[in-house]
Amino acid sequence: MDKIKAIQVIEDTGLIAVMRGMKPTQIAKVARALAAGGVKVLEITMNSPQPLKMIEEVKLLLEDSDVIVGAGTVLDAESARAAILAGAEFVFAPNLNLKVIELCKRYNKLVIPGVMTPTEVVKAYEAGADLIKVFPANVVGPEFIKGIRGPLSDIKVIPTGGINLDNAADYIKAGAVALGAGGSLLDKKAIENEEYEVLIERARTFIRIIKEARSQ
């Protein structure tokens, strides 16, 4: 999938599943459950066990769908390159590393660095970031998103960190183009108990809330 289409999938869906610390033995069933619940953007973090193997597996598993798979918690250019070669369609980072942006541009892959100030937002945008991750979003809240959308309305932001069913609508109404959700979406107990219907229903609820917030 080319970068433009990947961006479109993220914007249309409005939700990125942050799959952190997932066991390789769990990844396939969890990915299927999220996809069944309507989540089309899966982020496998690089600080998970065997992340490159899991990226390859999930991409192959869902290759006939419109789900895109990427890498998260990418802290350096070397990790970004490894993830892209493993099949990652996008690179998500908690920080702003200009070398990561440069590497992703070289491979024509979607890059979403993490920032927390207006200065960093602009710096990331000017360096070539496709979308901007505001992290940790729960520290600054929806009002921050609304505030920077005034002077920086052309820059598309994705709040991540502390996003849950109770505040998802607030971030969307504040101007977020999409949301990154981890623990509130991926119920650890349900995964351990293999209660995948819980994940499917949670995903559907997130998607519904986002759609409703966008229509208001």
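Throughout, read-outs are computed from the coordinates displayed, never taken from laboratory work. Only a predicted model underlies this, so the values are computations on that prediction, with no experimental measurement involved. Methodologically, a virtual Cβ is constructed for each residue, glycine included, from the backbone with ideal geometry; neighbour enumeration extends over all protein chains shown.
Summary table below
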{"read-out": "Cα-based reach from residue 53 at 20 Å (exclusive), listing lysines while leaving out same-chain residues under 8 positions away", "value": "23, 29, 40, 109"}
{"read-out": "Antiparallel bridge percentage (DSSP; both residues within the chain; nearest 5)", "value": "0"}
{"read-out": "Violating pairs (Cα-Cα greater than 23 angstrom) within the set 146/189; 59/105; 3/146; 3/156; 5/146", "value": "146/189; 3/146; 5/146"}
{"read-out": "Taking the range 1-105 and dividing mean pair separation by its residue count, relative contact order in percent (alpha carbons under 8 Å, at least six apart)", "value": "24"}
{"read-out": "Under 10 Å, Cβ to Cβ, from residue 96 - net charge with Lys/Arg +1 and Asp/Glu -1", "value": "+1"}
{"read-out": "Net lengthening on full extension, residue 107/residue 126 (0.36 nm per residue, minus Cα-Cα)", "value": "5.0 nm"}
{"read-out": "Cα centre as origin, Lys/Arg/Asp/Glu Cβ charges: the range 3-215 dipole, Debye", "value": "220"}
{"read-out": "The chain shape via C-alpha gyration tensor axes, a/c threshold 1.5", "value": "oblate"}
{"read-out": "Gaussian network model of the chain, springs between alpha carbon atoms under 10 Å - residue of 159, 142, 113 with greatest fluctuation", "value": "142"}
{"read-out": "Contour minus Cα-Cα distance for residue 153 and residue 36 (0.36 nm per residue)", "value": "38.8 nm"}
{"read-out": "The range 3-215, relative contact order [Cα under 8 Å, separation at least 6], %", "value": "21"}
{"read-out": "Among 146, 173, 188: highest mean-square fluctuation, GNM of the chain, C-alpha pairs under 10 Å", "value": "188"}
{"read-out": "Placed amide H near residue 134: partners under 5 Å, 5+ positions off or other chain", "value": "115, 158, 160"}
{"read-out": "Extension reserve of the residue 65-residue 166 stretch, reckoned as 0.36 nm per residue once the Cα distance is removed", "value": "33.4 nm"}
{"read-out": "In range of the label at residue 143: residues from the range 154-192 whose backbone nitrogen is under 16 Å from the point 7 Å along Cα→Cβ", "value": "170-171, 174-175"}
{"read-out": "Nonlocal amide H pairs with residue 179, under 5 Å, H built at 1.01 Å", "value": "15, 16"}
